[in-house]
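Q: Starting off with a structure, shown below.
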Ligand SMILES: [Zn+2]
């Protein structure tokens, strides 16, 4: 079963390659793995490392939303982050249930997806020890989604869209907890932009490395610029 699931996912989404960064010849060098020979000087890069130059792996910023409970999740409206996303493509958002079912709203109304969100950026909304909230999450989400506010006819691409739906759900819960609600700008700035910036950087690195094997940042040039 587990194996079948892994195979199934591979066909649904491009897998995120592993990325490492190491330092040699005064450059930060990104690659899929640390080579035997430095691409600049040809020496074994491991022979002269001190702690600051040792390789680190770059964490993959994407998660499978169907394995994320009680989270805000975001993906390109069409295609995948690592294949089609160009930094300004349309994004679509949703909220996961406690079992990873993605609830979302678009021009055809509300939906509950059990697949299709395998490569997402995620914002966890509930600390894992808040059992009472997690316990009630799915019924809140279900009830919220049935509101006539989310009929297809009410959809508006700019003013009443997937983001309106997700943020209104989050703010509804915050209101119940007597916590301050978020404006759209505030939620975007605090929770979404840091993650989408990290994702964009990761996508750029993946594309560069898949084209040229290495992506190098020159320290001296970088220092000169800043
Ligand atoms: Zn070198």
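The values are calculated or read from the model by the stated rules, or taken from the named source; none is laboratory data. Given the structure is predicted, the values throughout are model-derived calculations rather than measurements. So basically every Cβ, Gly included, is an ideal-geometry build from the backbone, and we count neighbours across all protein chains shown.
Q: Only one of 182, 187 is farther than 29 Å from residue 58 by Cα and in contact with a helix residue (DSSP H, G or I) (Cβ under 8 Å, 6 or more places away or on another chain). Can you tell me which?
A: Numbers: 187 fails: farther than 29 Å from residue 58 by Cα.
Within the list 182, 187, the selection yields 182.
Q: Hey, another quick one. Does segment 87-97 hold any residues that are assigned to a loop (DSSP other than H, G, I, E, B) and modelled with pLDDT of 95 or more, and which are they? If you could, list the steps in order and put the result at the bottom.
A: First, the residues of segment 87-97 that are assigned to a loop (DSSP other than H, G, I, E, B): 87-90, 97.
Across segment 87-97, the qualifying residue is only 97.
Q: Among the residues of segment 36-69, write down those that are in contact with a helix residue (DSSP H, G or I) (Cβ under 9 Å, 6 or more places away or on another chain), farther than 21 Å from residue 196 by Cβ and without any contact (Cβ under 8 Å) to a residue 12 or more places away in the chain.
A: The answer is 36, 37.
Q: Using the structure shown, decide if residue 126 is assigned to a strand (DSSP E or B), under 19 Å from residue 62 (Cα atoms) and in the same structural domain as residue 83 (by TED's automatic domain parsing). Talk me through it step by step, then tell me what you get.
A: Numbers: assigned to a strand (DSSP E or B): no; under 19 Å from residue 62 (Cα atoms): yes; in the same structural domain as residue 83 (by TED's automatic domain parsing): yes.
No.
Q: Here's something else I'd like to know. Hand me the list of helices (runs of 4 or more DSSP H) wholly inside segment 153-226 holding 3 or more residues that are more than 21 Å from the chain's Cα centre (by Cα).
A: Numbers: elements: 162-176, 184-187, 193-212, 219-225.
Fully inside segment 153-226 and qualifying: 162-176, 219-225.
Q: Go through segment 98-117 and give me each residue that's surrounded by 18 or more Cβ atoms within 10 Å (Cβ to Cβ) and part of a loop (DSSP other than H, G, I, E, B).
A: 100, 101, 117
Q: Further question: Out of 84, 143, report the one residue that is in a loop (DSSP other than H, G, I, E, B) and either free of Cβ contacts under 8 Å to residues at least 12 places away in the same chain or closer than 26 Å to residue 197 by Cβ (or both). Please lay out each step first, then the result.
A: Numbers: 143 fails: in a loop (DSSP other than H, G, I, E, B).
Step by step, each of 84, 143 is checked, and only 84 is in a loop (DSSP other than H, G, I, E, B) and either free of Cβ contacts under 8 Å to residues at least 12 places away in the same chain or closer than 26 Å to residue 197 by Cβ (or both).
Q: Inside segment 11-70, counting only strands (runs of 3 or more DSSP E) that do not spill past its ends, which hold 1 or more residues that are within 12 Å of the ligand (Cβ to nearest atom) and surrounded by 15 or more Cβ atoms within 10 Å (Cβ to Cβ)? Step through it out loud before you land on a result.
A: Working: elements: 19-24, 27-31, 56-58.
It comes to 19-24, 27-31.
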